[in-house]
Structures are given as C-alpha cells and as structure tokens.
Amino acid sequence: MENVSTIPMFPLSILPLPGELVPLHIFEPRYQQLLQDAENSDVSFGIFFNQTNNEARIGSLMKLESVIKRYPGGESDIIVKCVDLFFLDKLFRTFKSKMYPGGDVRFWKIDSNEIAGGRVNSLFQEYMAKRKITRQQAFFSIYSMAQELSLDLNERYEFLMADALKRESLILSKLKFQMHIIQREEISRNTYHLN
C-alpha cells in the first residue's frame, strides 16, 4: 500500500496546478492558526478540491511563499505555491489538537517540470508571442502551459486525471482553440481599421 501522510487541510473550491502561485485571503480563526503554523514551523498544507465532481478526491499540496498584508483583526493576504498533488483518503474535522481540518493523503510525487513534446512547445511559444507575453524560457512545463491557458475547474480536473499523452493532447487542443481566437481577433481588428 502507498504511504499515507496526515497533513493540515484547507477545503476550497479551487484546484491549483503544480508550480502555480495562488493568492488567498485568510480570515477564519482556524485558518489564521494554520497560517501561523505555516510561518513558524514551515508546515505544508493541502487544498482539497471541494467539488461534487471530484470523484478521485484529489487536492493540491501547498507551501507558504509570502504574507502580502496583515490586517488589524488578524486577517491576512498570502501567496502559496502548489508543490505536489494528492489523493485524499480521509478528511478530519480537526488536525491533531488544532482548530483547522486535517486529512490522510497519498502524495503523487509529480515532476512539476514535466516538459511537453516539441509540437506542443513550439505552438505554445507561438501563442505566447502572439499574446505578447515574454518569458525567457526555451521550454515550458506542461503544468505552466496549463496555468497560462487559464483552464477552468473542469478542464483542470480532466487535465490532472489524464496520463502524460492525454495531458499533451488536451493542451494542444486548448492551444489550437486559443490560436483560432487570436486569428479571429486579428481579422476583426483589420476589418475595423478598413472601415
């Protein structure tokens, strides 16, 4: 059987992708306590994807990157980063003696630098150039491509549940759709200038 770890849990209706930076506003006392533990003890925590269609019970393992702002009432704005994914076996109302929830999870131990094939990478480079987004990288991970393409929650779930070939196929399909939109925008701009 795979190794099971018990970690702090933050159920939310979001599904961060590996490598993704996510802003969070912390206001509930139990999650203020979790933030305090993350700051003082370098504790990672899970964001369980709290949606009815999450049949596989997946979530994202997060690390605190920075605290952006603290408010007088104890609230905070923070940035966290997804460092792995997990399957949730069991969710607990509280984690050990803390106020916040916890859960038994099995980590995926994913490679967040998984590189897409040449065809997908070259089309992505073209997409980035058309959108005038400059990043000095020769290759992008499949996960950073998915982030840049703003997949909705259902697409993120399908993407994460797919094998490597299917993930590339999903990204390629999304890229082709986005390139079609860019082409239509260019045609519209040219038509507008002619009138």
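Checked against (1) in a loop (DSSP other than H, G, I, E, B); (2) under 24 Å from Asp152 (Cβ atoms), Pro72 passes all but a single condition, namely (2). Within the range 163-178, the set of residues being of a type in the set (A, V, I, L, M) and touching a helix residue (DSSP H, G or I) at 6+ places or on another chain (Cβ under 6 Å) comprises Leu170, Ile171, Leu172, Leu175. With respect to the conditions (1) out of contact with any Leu (no Cβ under 8 Å at 6 or more places or on another chain); (2) within 29 Å of Asp42 (Cβ to Cβ); (3) not in a helix (DSSP H, G or I), Thr134 lacks only one, and its number is (2). Residues of the range 1-30 that are assigned to a strand (DSSP E or B) and farther than 16 Å from Arg106 by Cα: Leu12, Leu21, Val22, Pro23, Leu24, His25, Ile26. Within the range 22-44, the residues that satisfy the criterion of being within 14 Å of the chain's Cα centre (by Cα) and surrounded by 13 or more Cβ atoms within 10 Å (Cβ to Cβ) are Val22, Leu24. Screening Arg57, Arg93 for residues that are touching a strand residue (DSSP E or B) at 6+ places or on another chain (Cβ under 8 Å) and surrounded by fewer than 18 Cβ atoms within 10 Å (Cβ to Cβ) leaves exactly one candidate, Arg57.
The residue list Phe48, Phe87 contains one member that is at pLDDT 95 or above and buried (at least 17 other Cβ atoms within 10 Å of the Cβ), which is Phe48.
Of all residues in the range 144-157, none that is farther than 11 Å from Leu17 by Cα and assigned by TED's automatic domain parsing to the domain that holds Asp84 has its Cβ atom under 8 Å from the Cβ atom of a residue that is surrounded by 19 or more Cβ atoms within 10 Å (Cβ to Cβ) and acidic (Asp, Glu), 6 or more apart or on another chain.
The values are calculated or read from the model by the stated rules, or taken from the named source; none is laboratory data. None of the values given here were measured: they were computed from a predicted structure. Positions of Cβ are generated from backbone atoms using ideal geometry, with glycine treated the same way; all protein chains shown enter the neighbour counts.
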